[in-house]
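Sharing a structure here in structure tokens format.
The values are calculated or read from the model by the stated rules, or taken from the named source; none is laboratory data. Not measured: the values here are computed from a predicted model. Here the Cβ is made from the backbone with ideal geometry for all residues, glycine too, and neighbour counts use every protein chain on show.
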Amino acid sequence: MKKAIIMLLAFTIVFASAGCTNSDKQQPEKTESSGASGITEQSTETESVRLTEQYFGSLYSSSSYSITTDMTVKSNYSPTESSLYHLTIAVDNDHQQAMLQMDIGDHDSIHIIIKDQKSYKLDDQNKTYTVQKYEDTITSFAKIYTEELYLGITEPLELIDYGEEKSDDETLHVEKYRMTETEQSDDTIDSAYVTYYYKDKSPYKEVLETANGNTTFIFKEINKSISDQTIFKIPSDYQQQ
């Protein structure tokens, strides 16, 4: 099951999961503008809010949480085309269960529930499901679709820019990181960057950029508790295959 999930991840965000080269550490310096990024009003690193570390560190350490995003994947090899996804990941550490729901455009979907050391793959269109033994942990499952999607991961990222950016008469806090993996798994990728945008100290948008293309996440909803436990249950009218 884990292998299938990782292959799915590679398929859905193929240019988001490759490693990057190391680079010399840089400390952000005070400047009025960061050029192409459009980030202004910089300060020293010790004065940075570092919302990525604070917010997601608190979220992932909570007993339960859920994240819903819209995700757009664009390839530099087909600049006029893009793939759209709607992704929800829910994790209940207290009861060792998790749920993934991914809608792929308007024509396909993936629905997985992990509990009782089993994985349930649901076919919502035909109201059927299959069951397999799940030998990994809920934490490992969650990390594939959270930290390994770079949703708030702070290591091994290097902060290179931060500040404020105006958007639609709103002020967004922005933090830009360089990925600094120790091994390079794809010779075509020289560097990769992930930029987080926060509105009122809550995640608003994330942009992951690599040599192959970019992935944009729009955060639709984030909860630090899960009140609806039915999302971890197999509907009674579904038949096992």
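Among (1) within 18 Å of the chain's Cα centre (by Cα); (2) in a loop (DSSP other than H, G, I, E, B); (3) of a type outside the set (S, T, N, Q); (4) under 30 Å from residue 235 (Cα atoms), there is one condition residue 136 misses while meeting the rest; what is its number?
(1)
Are there any pairs with C-beta distances below 6 angstrom linking a residue in segment 102-121 that is in contact (Cβ under 8 Å) with a residue 12 or more places away in the chain and surrounded by fewer than 18 Cβ atoms within 10 Å (Cβ to Cβ) to a residue that is β-branched (Val, Ile, Thr) and assigned to a strand (DSSP E or B), with the two at least 6 apart or on different chains, and if so which?
So the pair list comes out as 118/131.
Let's see how each residue does on (1) modelled with pLDDT of 95 or more; (2) under 16 Å from residue 62 (Cα atoms); (3) hydrophobic (A, V, I, L, M, F, W, C):
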| position | (1), (2), (3) |
| --- | --- |
| 102 | no, no, yes |
| 111 | yes, no, no |
| 115 | yes, no, no |
| 122 | yes, no, yes |
| 139 | no, yes, no |
| 143 | no, yes, no |
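Could you look through segment 81-100, keep only residues that are polar (S, T, N, Q) and closer than 19 Å to residue 60 by Cβ, and pick out the one that is surrounded by the fewest Cβ atoms within 10 Å (Cβ to Cβ)?
Keep residues of segment 81-100 that are polar (S, T, N, Q), which gives 82-83, 88, 93, 96-97.
Next, from what is left, pick out any that are closer than 19 Å to residue 60 by Cβ: 88, 93, 96-97.
Working: 88: 18, 93: 17, 96: 14, 97: 21.
If we take residues in segment 81-100 being polar (S, T, N, Q) and closer than 19 Å to residue 60 by Cβ, then 96 is surrounded by the fewest Cβ atoms within 10 Å (Cβ to Cβ).
I need a count of the residues in segment 191-215 that are in contact (Cβ under 8 Å) with a residue 40 or more places away in the chain, assigned to a loop (DSSP other than H, G, I, E, B) and either surrounded by fewer than 17 Cβ atoms within 10 Å (Cβ to Cβ) or aliphatic (A, V, I, L, M) (or both). Quick ask: steps written out before the conclusion?
Initial filter on segment 191-215 (in contact (Cβ under 8 Å) with a residue 40 or more places away in the chain): 191-192, 194-196, 198, 201-203, 206, 208, 210-215.
When the remaining residues are screened for being assigned to a loop (DSSP other than H, G, I, E, B), the result is 191-192, 201, 210-212.
From what's left, either surrounded by fewer than 17 Cβ atoms within 10 Å (Cβ to Cβ) or aliphatic (A, V, I, L, M) (or both): 191-192, 201, 211.
Result for segment 191-215: 4.
Give me the residue from segment 221-241 that is of a type in the set (Asp, Glu) and over 19 Å from residue 151 (Cα atoms) and, out of that set, modelled with the highest pLDDT.
Ranking the qualifying residues of segment 221-241, first place goes to 237.
Confirm whether residue 161 is of a type in the set (Asp, Glu), modelled with pLDDT under 90 and closer than 26 Å to residue 216 by Cα.
Judged against the criteria, residue 161 is not a match.
For residue 148, indicate whether it is charged (D, E, K, R), in a helix (DSSP H, G or I) and surrounded by 15 or more Cβ atoms within 10 Å (Cβ to Cβ).
Working: charged (D, E, K, R): yes; in a helix (DSSP H, G or I): yes; surrounded by 15 or more Cβ atoms within 10 Å (Cβ to Cβ): yes.
Yes, satisfied.
Given the conditions (1) among the charged types (D, E, K, R); (2) surrounded by fewer than 15 Cβ atoms within 10 Å (Cβ to Cβ); (3) in contact with a helix residue (DSSP H, G or I) (Cβ under 6 Å, 6 or more places away or on another chain), and given that residue 175 satisfies all but one, which numbered condition is not satisfied?
(2)
Follow-up. Take residue 218 and decide whether it is modelled with pLDDT of 95 or more, assigned to a helix (DSSP H, G or I) and surrounded by fewer than 20 Cβ atoms within 10 Å (Cβ to Cβ).
The answer is no for residue 218.
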